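Accompanying notes for the structure given below.
The values are calculated or read from the model by the stated rules, or taken from the named source; none is laboratory data. Just so it is clear, the structure is predicted and the values come from calculations on it, not from any experiment. Cβ placement follows ideal geometry from the backbone for every residue including glycine, while neighbour counts extend to all protein chains displayed. Side chains included, ligands, DNA and RNA excluded: accessible areas come from the protein's heavy atoms. Shrake-Rupley method; radii C 1.70, N 1.55, O 1.52, S 1.80 Å.
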Amino acid sequence: MISFSCGAVLFDLDGVLVDSAVVVERHWRRWASRSAVPYERVAAVAHGRRSFEVIRVVAPHLDAAEEGRRHDAEEGLDTDGLRVFDGVHALLRGIPPRVWAVVTSGNLLTASTRLRYGGFLWPCVLVTADDVQRGKPAPDCYLLAAERLGVAPANCVVIEDAPAGIEAARAAGMRPVAVVTTHAPVDLGRADAIVQRLSDIRIREEEKSLSIRADPLA
């Protein structure tokens, strides 16, 4: 058992609250086929990064901004195959709304679609790709979430599933906890703790802080 005390918890969306792997892969495969780019190149860098940044890496000859807008518009309304991870609603119901946020590399359209589809209460703070100049692994999104919550970055714990997100949390001076939903544990070694699933994390409000307990992988 690993224990943390913090002032706020910042959740990534895809791969942490919502399993969107089927949707994400479907649309990246379509884009890769249409753009004559091997899907394996896309898959190697896509998770946790904004669409146009992925395209800029794998297809520098294309207009990344325009391609990214088209890709996001197509994926953003697709709910076929989405599912909420077990235990998510129970975990969130136990946390006061003022001390948690959702921070995603997806844009507002995509995040809104997935939060509504999953039946989530709207978070008091939602930071998307539309809110920052630099995406993960830059720390901007997590720093903005902490600012909007009014909590010091060093007093925040981040729940992530991707190396880019873990690096973003570390760069922001926060403590990342990783769930093994989209990457192998060896890829998540920069996290302060690694758990198999979100239900292995328990969060409880105390007098002046949040208590987080996690059952780490052996």
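The table that follows gives values for the structure above.
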item	result
Residue in segment 50-107 that is most open to solvent (accessible area, probe 1.4 Å), counting only those that are of a type in the set (V, I, T) and in contact with a strand residue (DSSP E or B) (Cβ under 7 Å, 6 or more places away or on another chain)	V84
Whichever residue in segment 201-218 is in a loop (DSSP other than H, G, I, E, B) and modelled with pLDDT of 90 or more and, among such residues, is least open to solvent (accessible area, probe 1.4 Å)	S209
Selection count, segment 140-179, where residues are modelled with pLDDT of 95 or more, over 21 Å from D200 (Cβ atoms) and of a type in the set (A, V, I, L, M, F, W, C)	12
Segment 173-190, residues that are open to solvent by 10 Å² or more (accessible area, probe 1.4 Å) and among the small types (G, A, S)	G173, A184, G189
Segment 166-200: number of residues that are out of contact with any Pro (no Cβ under 7 Å at 6 or more places or on another chain) and outside any loop (DSSP other than H, G, I, E, B)	10
Yes/no for L144 being surrounded by fewer than 20 Cβ atoms within 10 Å (Cβ to Cβ) and either of a type in the set (V, I, T) or over 14 Å from the mean Cα position of the chain (by Cα) (or both)	yes
Close pairs from segment 175-190: first over 25 Å from A154 (Cβ atoms) and touching a residue at least 60 places away in the same chain (Cβ under 8 Å), partner of a type outside the set (D, E) and part of a loop (DSSP other than H, G, I, E, B), Cβ under 6 Å, at least 6 apart	T181/G15; T182/G15; T182/H47
